[in-house]
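Asker: Here's a structure for you.
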Amino acid sequence: MNKRTSVGALLGATVLATTAALTPAAAAPNLIKNGTFSDPNAPAGGYVEYEDGENIGPWQVGASTPRGGVTLYSRALTQYTYQAVDIGPGTLSQDFEADEGSVVSVTWKHARNTDPACAKDMGDQSYSAQVIPPPTSDPVGDSYTPIGPRFASINRSLQFIAGEDHFTLEFAGRAPGGCGPLITDVVAKVIGHVTP
């Protein structure tokens, strides 16, 4: 069983244990590709369903329930600047890299899915997000629940010190049907470096 670690505890413990200094990073690029889910384009005013084993560009779709999968919503349906993914009963993951010693912050925006077609299935719209390092370390993650229908930044980001150089970011929905929370604008950036 994977053990989830408090982000603040992990970051603080690592910094204290190494008595390291944090050096701020210069403006850094997004380590996540297609974080706004703009490629491919969903049909105007429509959506596209993806099943376990399919991809949305660099994102891999998996199943968190036997009927698992995700749905890509067009901008007209999200009523937002970007397309978004309903992670309902599915998982969505992407591999990324960061140099060892980097302090990485992962942020995104989420909203409750209020699609009228989902009204009868509207239930739990909580989900989890975690950064999974190679097997030598524990994942860093938490659970989230969007409150309203408008996209908002999550109230806490995932932050970690890279002890390895290869990671997987994974979102996992808990809704039993296809009506789960919407996520978009996923960004992972190096915000500093730990130096001995």
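Asker: Just wondering, is there one or more residues in segment 134-157 that are within 14 Å of the chain's Cα centre (by Cα), over 21 Å from ASN34 (Cα atoms) and free of Cβ contacts under 8 Å to residues at least 12 places away in the same chain?
Answerer: yes
Asker: Still on this model: Of the conditions (1) open to solvent by 30 Å² or more (accessible area, probe 1.4 Å); (2) assigned to a strand (DSSP E or B), PRO134 clears all except one; give me its number.
Answerer: Here PRO134 meets the rest and fails (2).
Asker: Can you report the number of residues in segment 54-67 which are at pLDDT 95 or above and open to solvent by 60 Å² or more (accessible area, probe 1.4 Å)?
Answerer: Within segment 54-67, residues that are at pLDDT 95 or above and open to solvent by 60 Å² or more (accessible area, probe 1.4 Å) number 3.
Asker: Go through segment 32-53 and give me each residue that's of a type in the set (Asp, Glu) and either open to solvent by less than 50 Å² (accessible area, probe 1.4 Å) or not in a loop (DSSP other than H, G, I, E, B) (or both).
Answerer: Selection gives GLU49, GLU51.
Asker: Go through segment 149-160 and report how many residues are within 17 Å of ASP86 (Cα to Cα), in a loop (DSSP other than H, G, I, E, B) and not charged (D, E, K, R).
Answerer: 3
Asker: Test PRO146 against the criterion of being touching a His at 6+ places or on another chain (Cβ under 9 Å) and not in a strand (DSSP E or B), and give yes or no.
Answerer: Judged against the criteria, PRO146 is a match.
Each row is one residue, and each column tells you yes or no for (1) of a type in the set (D, E, K, R); (2) modelled with pLDDT of 95 or more.
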residue	(1), (2)
GLU100	yes, no
ASP115	yes, no
ASP121	yes, no
PRO134	no, no
PRO139	no, no
PHE151	no, yes
PHE171	no, yes
PRO176	no, no
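Asker: Any idea which of GLY163, GLY192, GLY141, GLY180 is of a type outside the set (A, V, I, L, M, F, W, C), part of a loop (DSSP other than H, G, I, E, B) and open to solvent by less than 30 Å² (accessible area, probe 1.4 Å)?
Answerer: It is GLY180.
Asker: Considering each residue of segment 149-160, count those that are in contact with a His (Cβ under 9 Å, 6 or more places away or on another chain) and crowded, with 16+ Cβ neighbours inside 10 Å, and give that number.
Answerer: Final tally of qualifying residues: 2.
Asker: How many residues, within segment 84-105, are open to solvent by less than 10 Å² (accessible area, probe 1.4 Å) and either closer than 22 Å to PRO176 by Cβ or not hydrophobic (A, V, I, L, M, F, W, C) (or both)?
Answerer: 10
Asker: Find the residue count for segment 103-130, including only residues that are within 16 Å of ILE87 (Cβ to Cβ) and within 17 Å of the chain's Cα centre (by Cα).
Answerer: 13
The values are calculated or read from the model by the stated rules, or taken from the named source; none is laboratory data. Owing to the predicted nature of the structure, the values given are computational and were not obtained by experimental measurement. Note that each Cβ is placed from the backbone with ideal geometry, even for glycine, and that neighbours are counted across all protein chains shown. Each accessible area value is taken on the protein alone, full model and side chains, heavy atoms only, with ligands, DNA and RNA left out. Shrake-Rupley method; radii C 1.70, N 1.55, O 1.52, S 1.80 Å.
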